[in-house]
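S.K.: Dumping the structure here so I can ask a few things about it.
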Amino acid sequence: MISSIITGTGSYIPEIKKENKKFLENRFLNADGTEIPSDNELIIEKFKAITGIEERRYAPSKYNTSDLGFFAAQKAIEDASVNPEELDYIILAHNFGDVKSTAIQSDLLPSLATRVKYRLGIENPNCVAYDILFGCPGWIEGVIQAQAFIKAGIASKVLVIGAETLSRVVDKYDRDSMIYSDGAGACIVEKNEGQEAGILSHASQTFAKEEAYHLFFGNSFDKNKDPGVRYIKMHGRKIYEFALNNVPAAMKSALDKTGIVIDEVKKIFIHQANEKMDEAIIKRFYRLYKKPVPEGVMPMSIHKLGNSSVATVPTLLDLVLKGTIENQSIERGDVIILASVGAGMNINAIVYRY
């Protein structure tokens, strides 16, 4: 039986830290441009209580999203001990392309995956490089696509990257700007025969009838700013309710396909979007099986790294596999779930045995 396994992981965490206290001097506005009556200390205190974020990481101005993806890819390739010339595909998930720190335009020509292939020095023209836009679940969807290529017999080694520099597309007058961060994570997915390991099942969904614009590009809350410049915006309450109502069911769908009981699940790597939301999602997921949430089942990185969109899940996975998150580890044979929700609105989940 042919399956797909992750043979190596890597991540790039930018060195620039921005603690919550550095937002004390910001001028936060409501969507209509009016002043928020609360002082910033209270705003930041409430923000931390809800999201769990204490600090986040920003990329140096000299690096763009494709650079971060390249750094993570190098580490994943080294970790998997593969020859880059043997890669059949490079799939790079992002949402905003390369946005230079001083620019207002996204650069997507050539694709970011092509830029990474160029930086890796790969000469093989049969290594196909392309980008995917799938919101925050983009990296997981890239892994799902890698598995499809492998099962179809047209690939044996695939590099999947999730990279983002959200600090370049935030509106500093919007409180939600404190959520976002920069980073990159990557993995090598390879063909596996014989071992009882790898991707066991997956689930993917797009909800667009009413939910398509829960996340969108919009104007600054400062009405004096150039209306032609757009920033990442979201309807936070709608996203929260959507995630709680739909992500647990998608995770259950993926797990039920395997026939594995929930008690066998050792870890759940969920998109680091909002601590309270993630905790509520996991609680509802276990409630579907009439089970309590096991202690330590959900590793978290959002407190120190913030929400780096497509990069959160692969970065978190890499950190746990490398033993850098306290009291979190994965052993051979462990069943884990990877899950995410984001712009689209898209949801996906993978059940995986190590």
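The values are calculated or read from the model by the stated rules, or taken from the named source; none is laboratory data. Small disclaimer: the values here were computed from a predicted structure and weren't measured. Backbone-built Cβ (ideal geometry, glycine too); neighbour counts: all protein chains shown.
S.K.: Step by step: first the residues of the stretch 1-46, then only those that are over 15 Å from ASP174 (Cβ atoms) and assigned to a loop (DSSP other than H, G, I, E, B), then the one that is farthest from the chain's Cα centre (by Cα). Which residue is that?
M.R.: Ranking the candidates gives PRO37 first.
S.K.: Of the numbered conditions (1) surrounded by fewer than 23 Cβ atoms within 10 Å (Cβ to Cβ); (2) at positive phi; (3) not β-branched (Val, Ile, Thr), SER309 satisfies every one except a single condition; which is it?
M.R.: SER309 satisfies every listed condition except (1).
S.K.: So is ASN327 crowded, with 24+ Cβ neighbours inside 10 Å and out of contact with any Pro (no Cβ under 6 Å at 6 or more places or on another chain) or not?
M.R.: Details: crowded, with 24+ Cβ neighbours inside 10 Å: no; out of contact with any Pro (no Cβ under 6 Å at 6 or more places or on another chain): yes.
Answer is no for this residue.
S.K.: Name the single residue that is nearest to the chain's Cα centre (by Cα) among those in the stretch 143-190 being among the acidic types (Asp, Glu) and outside any helix (DSSP H, G or I).
M.R.: In the first step, residues of the stretch 143-190 are kept if they are among the acidic types (Asp, Glu); the result is 164, 171, 174, 176, 182, 190.
Still in the running and outside any helix (DSSP H, G or I): 164, 171, 174, 182, 190.
Numbers: GLU164: 9, ASP171: 20, ASP174: 22, ASP182: 10, GLU190: 21 Å.
Residue satisfying both the conditions and the ranking: GLU164.
S.K.: Given the criterion under 26 Å from VAL169 (Cα atoms) and not in a helix (DSSP H, G or I), identify the matching residue among LYS225, LYS238.
M.R.: Values: LYS238 fails: not in a helix (DSSP H, G or I).
Of LYS225, LYS238, the one residue that is under 26 Å from VAL169 (Cα atoms) and not in a helix (DSSP H, G or I) is LYS225.
S.K.: Go through the residues of the stretch 62-80 one by one and say whether even a single one is assigned to a loop (DSSP other than H, G, I, E, B) and either of a type in the set (Phe, Trp, Tyr) or touching a residue at least 40 places away in the same chain (Cβ under 8 Å) (or both). Reasoning before the result, please.
M.R.: Initially, the stretch 62-80 is screened for residues assigned to a loop (DSSP other than H, G, I, E, B), giving 62-64.
Adding the requirement that they be either of a type in the set (Phe, Trp, Tyr) or touching a residue at least 40 places away in the same chain (Cβ under 8 Å) (or both) leaves 63-64.
Checking the stretch 62-80: at least one residue is assigned to a loop (DSSP other than H, G, I, E, B) and either of a type in the set (Phe, Trp, Tyr) or touching a residue at least 40 places away in the same chain (Cβ under 8 Å) (or both).
S.K.: Out of the stretch 122-146, which residues are of a type in the set (Phe, Trp, Tyr) and surrounded by fewer than 21 Cβ atoms within 10 Å (Cβ to Cβ)? Spell out the reasoning first.
M.R.: Quick first cut of the stretch 122-146, residues of a type in the set (Phe, Trp, Tyr) only: 130, 134, 139.
Selection gives TYR130 alone.
S.K.: How many of the residues in the stretch 322-354 are outside any strand (DSSP E or B) and under 30 Å from TYR231 (Cα atoms)? I'd like the intermediate steps shown before the answer.
M.R.: Filtering the stretch 322-354 down to residues outside any strand (DSSP E or B) leaves 322-334, 343-345, 354.
When the remaining residues are screened for being under 30 Å from TYR231 (Cα atoms), the result is 343-345.
Going through the stretch 322-354 one residue at a time, the tally reaches 3.
S.K.: Just a yes or no: is a residue in the stretch 220-236 in contact with a Lys or Arg (Cβ under 9 Å, 6 or more places away or on another chain) and under 26 Å from GLN145 (Cα atoms)?
M.R.: The answer is no, given that none of the residues of the stretch 220-236 is in contact with a Lys or Arg (Cβ under 9 Å, 6 or more places away or on another chain) and under 26 Å from GLN145 (Cα atoms).
S.K.: Moving on. Just the residues that are under 20 Å from the mean Cα position of the chain (by Cα), outside any loop (DSSP other than H, G, I, E, B) and farther than 23 Å from GLY142 by Cα, please, taken from the stretch 286-321. Give the steps one after another, and end with the answer.
M.R.: Initially, the stretch 286-321 is screened for residues under 20 Å from the mean Cα position of the chain (by Cα), giving 297-321.
Applying the additional criterion that residues be outside any loop (DSSP other than H, G, I, E, B) yields 302-305, 307, 309-321.
The answer is HIS303, LYS304.
S.K.: Determine whether PRO314 is out of contact with any His (no Cβ under 7 Å at 6 or more places or on another chain) and over 27 Å from GLU196 (Cα atoms).
M.R.: Numbers: out of contact with any His (no Cβ under 7 Å at 6 or more places or on another chain): yes; over 27 Å from GLU196 (Cα atoms): no.
Answer is no for this residue.
S.K.: Among the candidates ARG119, ARG115, which residue alone is surrounded by 19 or more Cβ atoms within 10 Å (Cβ to Cβ), basic (Lys, Arg) and under 27 Å from ASN307 (Cβ atoms)? Give the derivation first.
M.R.: Numbers: ARG119 fails: surrounded by 19 or more Cβ atoms within 10 Å (Cβ to Cβ).
After applying the criteria, what remains is ARG115.
S.K.: Here are the criteria: (1) small (Gly, Ala, Ser); (2) in a helix (DSSP H, G or I); (3) buried (at least 22 other Cβ atoms within 10 Å of the Cβ). Tell me which single one ALA49 does not satisfy.
M.R.: For ALA49, the failing item is (3).
S.K.: Take the residues in the stretch 1-59 that are among the polar types (S, T, N, Q) and at pLDDT below 90, then tell me which one is nearest to VAL351 (Cα to Cα).
M.R.: Here is the first cut: in the stretch 1-59, the ones among the polar types (S, T, N, Q) are 3-4, 7, 9, 11, 20, 26, 30, 34, 38, 40, 51.
Now drop any that are not at pLDDT below 90, which leaves 3, 38.
Numbers: SER3: 12, SER38: 44 Å.
If we take residues in the stretch 1-59 being among the polar types (S, T, N, Q) and at pLDDT below 90, then SER3 is nearest to VAL351 (Cα to Cα).
S.K.: Looking at GLY296, GLY306, which is the one that is modelled with pLDDT of 95 or more, farther than 18 Å from ILE347 by Cβ and not assigned by TED's automatic domain parsing to the domain that holds ALA184? It would help to see each step written out before you state the result.
M.R.: Details: GLY296 fails: modelled with pLDDT of 95 or more.
So the residue among GLY296, GLY306 that is modelled with pLDDT of 95 or more, farther than 18 Å from ILE347 by Cβ and not assigned by TED's automatic domain parsing to the domain that holds ALA184 is GLY306.
S.K.: What residue, of ALA103, ALA72, is in the same structural domain as ASN26 (by TED's automatic domain parsing) and either buried (at least 23 other Cβ atoms within 10 Å of the Cβ) or at pLDDT 95 or above (or both)? So that I can check it myself, show each step before the final result.
M.R.: Details: ALA103 fails: either buried (at least 23 other Cβ atoms within 10 Å of the Cβ) or at pLDDT 95 or above (or both).
Selected residue: ALA72, the only one of ALA103, ALA72 that is in the same structural domain as ASN26 (by TED's automatic domain parsing) and either buried (at least 23 other Cβ atoms within 10 Å of the Cβ) or at pLDDT 95 or above (or both).
S.K.: Is it fair to say TYR213 is assigned by TED's automatic domain parsing to the domain that holds LYS252 and either in contact (Cβ under 8 Å) with a residue 60 or more places away in the chain or under 23 Å from VAL128 (Cα atoms) (or both)?
M.R.: Values: assigned by TED's automatic domain parsing to the domain that holds LYS252: yes; either in contact (Cβ under 8 Å) with a residue 60 or more places away in the chain or under 23 Å from VAL128 (Cα atoms) (or both): no.
Taking the combined requirement at face value, the residue does not satisfy it.
S.K.: So is PHE134 within 12 Å of the chain's Cα centre (by Cα) and either closer than 27 Å to ALA339 by Cβ or without any contact (Cβ under 8 Å) to a residue 12 or more places away in the chain (or both) or not? Write out each step before concluding.
M.R.: Values: within 12 Å of the chain's Cα centre (by Cα): yes; either closer than 27 Å to ALA339 by Cβ or without any contact (Cβ under 8 Å) to a residue 12 or more places away in the chain (or both): yes.
The answer is yes for PHE134.
S.K.: I would also like to ask the following. From the list GLY259, GLY228, GLY218, exactly one residue is of a type in the set (Gly, Ala, Ser) and surrounded by 13 or more Cβ atoms within 10 Å (Cβ to Cβ). Which is it?
M.R.: Working: GLY259 fails: surrounded by 13 or more Cβ atoms within 10 Å (Cβ to Cβ); GLY228 fails: surrounded by 13 or more Cβ atoms within 10 Å (Cβ to Cβ).
GLY218 is the lone residue from the list that is of a type in the set (Gly, Ala, Ser) and surrounded by 13 or more Cβ atoms within 10 Å (Cβ to Cβ).
S.K.: Next question. Looking only at the stretch 262-281, which residues are part of a helix (DSSP H, G or I), touching a residue at least 24 places away in the same chain (Cβ under 8 Å) and surrounded by fewer than 21 Cβ atoms within 10 Å (Cβ to Cβ)? Reasoning before the result, please.
M.R.: Filtering the stretch 262-281 for residues part of a helix (DSSP H, G or I) gives 262-264, 275-281.
Adding the requirement that they be touching a residue at least 24 places away in the same chain (Cβ under 8 Å) leaves 262-264, 275-278, 280-281.
ILE262, ASP263, GLU264, GLU275, LYS276, ALA280, listed by residue number.
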